[in-house]
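Undergrad: Have a look at this one.
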Amino acid sequence: MTASARPRPRRPAAVLLLLLAGWLLAGVVTAGPAAAHAELVGTDPGEGARLSAVPERVSLDFSEGVSVGAGYLRVLDASGGRVDAGTAEVDDRTVSVALRDGLGEGGYLVTYRVISADSHPIAGSFSFVVGDGELVDASVAGAADDTDPAVAVALPAARWTGFAGLALAVGVPALVALCWPGGWASALLRRLTAVGLAALGVGAALTFALQGPYAAATGLGSVTDGALLSATAGSEIGVMLLVRLALTAGLALLLLPWLRRGTVPAPSALVLAGLLAAGLVVTTAAVGHPVAGPYPAIAVLAATAHVAAMTLWLGGLAALLGAVLRNGVPAAELAAALPRYSRLAAASVGVLVVSGVVQAVREVGSPDALFSTGYGRLLLAKLAVVALLLAAAGVSRVWVQQRLGIRRSRTPRRRVTAHAFAAPAGGEPEPSPEVVSAAAAREEDLAEGAAAERGLLRRSVLVELALGVVVLALSAVLVGTPPARATVSEPVDVTLPLQSAAGEAGSVQISLDPAAPGANTLHVYLFDEGGRLVQPEDIRVTLTEPGQEIGPLAVDLEPAGPGHYVGDGTAIPSAGTWTLAVSVRLDEFTAITASTEFPVR
């Protein structure tokens, strides 16, 4: 319910559409920066490499910092036996493991599962050969790198439990403290808060227990595995979950007199409870996607505002439905609580819209990714439900305005009255008793009328709350889904200066679509210094992945017009950071070159 106190009402839905339209336009004009999720960018030895001697170590380089945690980096021989020397070592973006002494020629398989800074696992495998031999198939590892299906369902359910618990444990007492002081006496609100605290603690505990099996790709039977629990406790997300459990226990102890006996908390206790609640909001927001990728401080701030606004809005809706709108509540208390909550909800919706758009721009990156990735499609589903939620909130808003006549609260303007003769000092005259009595009678009539029709508002709030529960469920799934920016392929479209021994000599325009593993379409246009298409004597294009020791791979080009060449079916073997190099011979004595790097996902 989001009634505004202004005659010209705010329109959150319109603001949401306006902000999204601006982002869509920006996404068409410019591409986003680096992904907020670690990617493998190089290995040593490279994938498919043939070596003359056994290397001392195997190392993997990622686009951002990673940890092993409950994951692994293993090296297997052709029979599936481990030939690494033990525990993997992490140095910021590089994970490596030593190999045993005395290994002979043959094929070896490297299999890995490491944890990105956003808590998502990154898994894969590759093979290399020493001497004469065959590459080892990934099936030799004998175990899938995919997350166990039961864990994949249980982990979002645990997150949802925690989100719902936070809304009740913090949002319900916040509504009582800010909007309805009489609610301290409500046994129903005490029960709602107690249920929220329990759900918040259970959600954090279950998420902690499931993080190990999620990272290690094991089943539910390993939730009590001591090694996995220890690995989770040493990870950033594990620390946050333990802090969240401690804060939950502290808030429960602080509110215990109210929860058990209905004792109204003292002002100092409310201040401390507010600090603990703020800590719960931060520990919920500062995990996963916000802490990884570009501008983490801004992302964590936006996520914190998003979680806080969600908590106040949905927790307040639960309190309205569970107690405020019940038939036993006096009309005067109802009339006082609804406008206050209305203003709080309006502010929360505004914060949700702005912070949500900030997060969407960062995690999705481009409008195309909304439709081409699982994360983007989930986000679209969430936006659709949010639109319905705002529509239901609009119905509640109209009800409050019509029944309670919400007025704008503002500082009275100072007025200067000019008189022909001096007026006695003393300012504005006090209203007469008759005016005060009439105003009070009108407010009482409005309150009684609203109380008599509260059932209509109760149904509207019920729809809001049900949609809010769906939004929380979609949010719980989104938290565990790699962001779209990290999974979508971005076509390459760049113009580069061509360099010769004497300096720049024209330019080359390169277009590679979709810049993904497999077949791609390459267009190359050559221009002279005046920007005119120019026909060379010879042109060669190669692809290289230095980190994986792949290439240079020659690209077959076909002429498609003056200065225009097409490589239809240009093959990119794997994901990574690739270099495309163009070598042009204009005549017998002049050779010019250009190159560019681009990510392949």
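Undergrad: Keeping every protein chain present and rolling a 1.4 Å probe, give me the accessible area per residue for the stretch 40-140 in Å².
TA: Using a 1.4 Å probe on heavy atoms only, each residue of the stretch 40-140 averages 43 Å².
Undergrad: Per residue, how much accessible area does the stretch 236-359 show when a 1.4 Å probe rolls over the protein heavy atoms, in square angstrom?
TA: 40 Å²
Undergrad: Leaving out ligands and nucleic acids, and using a 1.4 Å probe, what accessible area per residue does the stretch 490-600 come to in Å²?
TA: 50 Å²
Undergrad: At 1.4 Å probe size, with the rest of the protein present, what percent of the exposed accessible area of the stretch 490-600 is carbon and sulfur atoms?
TA: Result for the stretch 490-600: 51 percent of the exposed heavy-atom area is carbon or sulfur.
Undergrad: Can you give the extra length, in nm with one decimal, that the chain gains between Glu537 and Ala157 once fully stretched, where that is 0.36 nm per residue apart less the Cα-Cα distance?
TA: Length gained between Glu537 and Ala157: 130.5 nm.
Undergrad: What's the extension gain from Ala502 to Ala85 if we count 0.36 nm per residue and subtract their Cα-Cα distance?
TA: 144.9 nm
Undergrad: Report, in whole Å, the centroid distance computed from the Cα atoms of the stretch 460-481 and the stretch 263-324.
TA: A separation of 16 Å, based on Cα centres.
Undergrad: Please give me the summed charge of the neighbours of Val291: other residues whose Cβ is under 9 Å from its Cβ, Lys and Arg +1, Asp and Glu -1.
TA: -2
Undergrad: Here is a further query. Roughly to the nearest percent, how much of the accessible area of the stretch 40-140 is carbon and sulfur, given a 1.4 Å probe?
TA: It is 42 percent, rounded to a whole number.
Undergrad: Another question, if that's okay. With θ set to phi - 60°, apply the Karplus curve 6.51 cos²θ - 1.76 cosθ + 1.60 along the stretch 593-601 and write out the HN-Hα couplings as whole Hz, x wherever there is a Gly or Pro.
TA: Karplus-based 3J(HN,Hα) across the stretch 593-601 equals 9, 7, 8, 8, 9, 8, x, 10, 10 Hz.
Undergrad: Would you mind getting me the FRET efficiency between Asp556 and Thr495? Use the beta-carbon distance for r and R0 = 30 Å, nearest 0.05.
TA: With R0 = 30 Å, the Cβ-Cβ based efficiency is 0.85.
Undergrad: Using a 1.4 Å probe over the heavy atoms of the protein chains, calculate the carbon and sulfur portion of the accessible area of the stretch 278-412 as a whole percent.
TA: That share works out to 67 percent.
Undergrad: Something else now. Obtain the nm distance between the two label points defined at Glu588 and Val385 by a simple spin-label model: each point lies 7 Å from its Cα along the Cα-to-C-beta direction.
TA: So the two model labels end up 7.3 nm from each other.
Undergrad: Using a 1.4 Å probe, how large is the accessible area of Ser475, given in Å² and rounded to the nearest 10?
TA: Ser475 has an accessible surface of roughly 20 Å² with all protein chains in place.
Undergrad: To continue, here is another question. Order Arg340, Arg377, most accessible first, counting only protein heavy atoms with a 1.4 angstrom probe.
TA: Descending order: Arg377, Arg340.
Undergrad: For the pair Arg458 and Thr521, what calculated FRET efficiency results from E = 1/(1 + (r/R0)^6), where r is the Cβ-Cβ distance and R0 = 45 Å, to the nearest 0.05?
TA: After rounding, the FRET efficiency stands at 0.15.
Undergrad: With contacts defined as alpha carbon pairs under 8 Å and 6 or more residues apart, what's the relative contact order of the stretch 160-234 in percent?
TA: Dividing the mean separation by the residue count of the stretch 160-234 yields 33 percent.
Undergrad: Kindly sort Thr263, Thr284 by accessible area of their heavy atoms, largest first, with the probe set to 1.4 Å.
TA: Final ranking, largest accessible area leading: Thr263, Thr284.
The values are calculated or read from the model by the stated rules, or taken from the named source; none is laboratory data. Predicted, not measured: the structure shown is a model, and the values here were computed from it. Note that we place each Cβ from the backbone using ideal geometry, even for glycine, and neighbour counts take in every protein chain shown. Remember, those area values only see protein heavy atoms, side chains included, never the ligands or the DNA or RNA. Shrake-Rupley method; radii C 1.70, N 1.55, O 1.52, S 1.80 Å.
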